[in-house]
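Participant: Sharing a structure below in structure tokens format, with a few things to ask.
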Amino acid sequence: MTRQLILDLDTGIDDALALAYALADERAHLLAVTGTYGNVVVDEGVRNSLALTELLGAPDVPVVAGPGHALARDGFEVAEISAFIHGRNGIGDVDIPDAQRGREEGSAVDFLIDAVKTYGEDLVYVPTGPMTTVACALRRAPEIAEKIGAIVCMGGALTVRGNVTPYSEANISQDPEAAHILFTSGAPVTMIGLDVTLQTLLTKEHTRRWREAGTDRARALADMTDYYIRAYETTAPKLGGCGLHDPLAVAVALDPSLVTTVDVPLAVDCEGVTRGRTIGDPDRLAEAGGRVKVAVGVDKERFVADFNDHIERIVAEGRAV
Ligand code: RIB
Ligand code: CA
């Protein structure tokens, strides 16, 4: 079955890999990439998404910009740690030519609301940066929560520490209020957090194999991923590779059987030292509805092999038709 996908990316390196995975998969019809801030400012992320879709043979996929900062803030600056992990340009300082075309007119918030109206149950939305765009859409049109097919988000940490603070993962930490709106909206949400993404690791042995295709696509994806792996060697030397955060969310959107989940009345702490923590809400524990599926287990061997097959295919042949 073909799934109608929207990817909402803060186009850093693992977002780029998530995009490549989606374009390589025949089960996915990518309706659009929407752009958010986080690893980069929103304009840089949109530029990267346009350049990458063109490089990967998908110049017809629309790219639409969303809000450029968190709900409770007036602006946004890229954190030093984000620039260290993803490079100053978000894609490991790898030089990919600008796209021939520009972004679409209008806002990602309206695009999402309209897409839910058009595709309803068939639409799967995959945010892999801060949840600001979907929170704005839910505020403007709360009825989309019960009309959308699924939302599979990368973010959060339920059973492990955060990666920005001991409590908070990067995407949630950028806009805790937005994530709280999403998790308490009643929409069918699956959370793909650090609990599972830090189990799915890629190494330089994988990127070495991509390079054998000898294409510009192979060089670009391998160079940026090697940059990402080098950053992980500094920030998380015990892991032995880089976490496939955002690609895992896309893979679960296409095949939920990759993860096991628990149903949690999920909330986000928005105050104090635990700001940004994803945690069950004790006041809603007795309620049956309004739960988020939180991934706590992953078939890592199957996913990493499947991910690698997708990337080997797209670097050799370009986008799936
Ligand atoms: O914590 C990992 C997440 O933060 C990923 O989505 C990565 O791209 C960054 O946005
Ligand atoms: Ca991301």
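Participant: Short version: what are the Cα gyration tensor semi-axes of the chain, square root of 5 times each eigenvalue, largest first, in whole Å?
Facilitator: Equivalent ellipsoid semi-axes, largest first: 27, 22, 19 Å.
Participant: Label Arg313 and Thr274 with points 7 Å out from Cα along Cα→Cβ: what is the distance between them in nm?
Facilitator: 4.3
Participant: Give the peptides 55-68, 268-281 in descending order of average Cβ contacts within 10 Å, highest first.
Facilitator: Descending mean neighbour count gives 55-68, 268-281.
Participant: OK, next. So how much slack lies between Lys117 and Met1, counting 0.36 nm per residue of separation and subtracting their Cα-Cα distance, in nm?
Facilitator: Going from the current span to full extension adds 39.8 nm.
Participant: Another question, if that's okay. For Arg139 and Thr159, what does the FRET efficiency come to when R0 = 30 Å and r is the distance between their Cβ atoms, rounded to the nearest 0.05?
Facilitator: Given R0 = 30 Å and the Cβ-Cβ separation, E is 0.50.
Participant: Something else now. For a quick protection proxy, order the peptides 300-309, 103-112 by their average other-Cβ count within 10 Å, most packed first.
Facilitator: 103-112, 300-309
Participant: For the chain, with all protein chains present and a 1.4 Å probe, just round the carbon and sulfur fraction of the accessible area to a whole percent.
Facilitator: 49
Participant: Next up: Normalising by the residue count of the stretch 111-236, find the relative contact order in percent from Cα pairs under 8 Å and 6+ residues apart.
Facilitator: 23
Participant: Okay, next question. How do 183-189, 9-15, 24-30 rank on mean C-beta neighbours within 10 Å, highest first?
Facilitator: Per-residue Cβ counts within 10 Å, averaged per peptide and sorted highest first, yield 9-15, 183-189, 24-30.
Participant: Please count, across the chain, the pairs of lysine residues with Cα atoms under 30 Å apart that sit 8 or more places apart or on different chains.
Facilitator: 7
Participant: Using a simple spin-label model with points 7 Å from Cα along the Cα→Cβ vector, what separation in nm is obtained for Asp281 and Asp216?
Facilitator: 4.9
Participant: Could you work out the relative contact order of the chain, using alpha carbon pairs under 8 angstrom and six or more residues apart, expressed as a whole percent?
Facilitator: Rounded, it is 21 percent for the chain.
Participant: Two-decimal Rg/Rh of the stretch 81-202 from alpha-carbon positions, Kirkwood Rh?
Facilitator: A ratio of 1.01.
Participant: Here's something else I'd like to know. State, as an integer percentage, the relative contact order of the stretch 188-321 based on alpha-carbon contacts under 8 Å between residues 6 or more apart.
Facilitator: 35
Participant: Please grab the % of Cα pairs in the stretch 49-101 that end up more than 19 Å from each other.
Facilitator: 47
Participant: Per-residue HN-Hα couplings for the stretch 261-277, Karplus 6.51 cos²θ - 1.76 cosθ + 1.60 at θ = phi - 60°, whole Hz, x for Gly and Pro?
Facilitator: Computed from phi, the couplings for the stretch 261-277 are 10, 10, 8, 10, x, 6, 9, 10, 5, 10, 10, x, 5, 8, 3, x, 6 Hz.
Participant: Still on this structure, please answer the following. Starting from the eigenvalues of the Cα gyration tensor, five times each then square-rooted, give me the equivalent ellipsoid semi-axes of the stretch 277-321, largest first, whole Å. Intermediate results must be reported in sequence, preceding the final value.
Facilitator: Values: eigenvalues 299, 32, 15 Å².
Listed largest to smallest, the semi-axes of the stretch 277-321 are 39, 13, 9 Å.
Participant: Work out the FRET efficiency for Glu77 and Thr203 from their Cβ-Cβ distance, taking R0 = 41 Å, and round it to the nearest 0.05.
Facilitator: So the FRET efficiency works out to roughly 0.80.
Participant: Given the DSSP H assignment, sum -39500 (n - 2.57) over each helix run of at least 4 residues in the chain and divide by its residue total; what's the result at 222 nm in deg cm²/dmol, nearest 500?
Facilitator: Helix contribution divided over all residues of the chain: -12000 deg cm²/dmol.
Participant: A follow-up question, please. Can you tell me the accessible area per residue over the stretch 211-321, all protein chains present, probe 1.4 angstrom, in square angstrom?
Facilitator: On a per-residue basis, 46 Å².
The values are calculated or read from the model by the stated rules, or taken from the named source; none is laboratory data. Keep in mind it's a predicted model, so treat the numbers as computed, not measured. Positions of Cβ are backbone-derived with ideal geometry, glycine not excepted, and every protein chain shown enters the neighbour counts. For the accessible areas, the whole protein counts, side chains as well, though only heavy atoms, and no ligand, DNA or RNA atoms are used. Shrake-Rupley method; radii C 1.70, N 1.55, O 1.52, S 1.80 Å.
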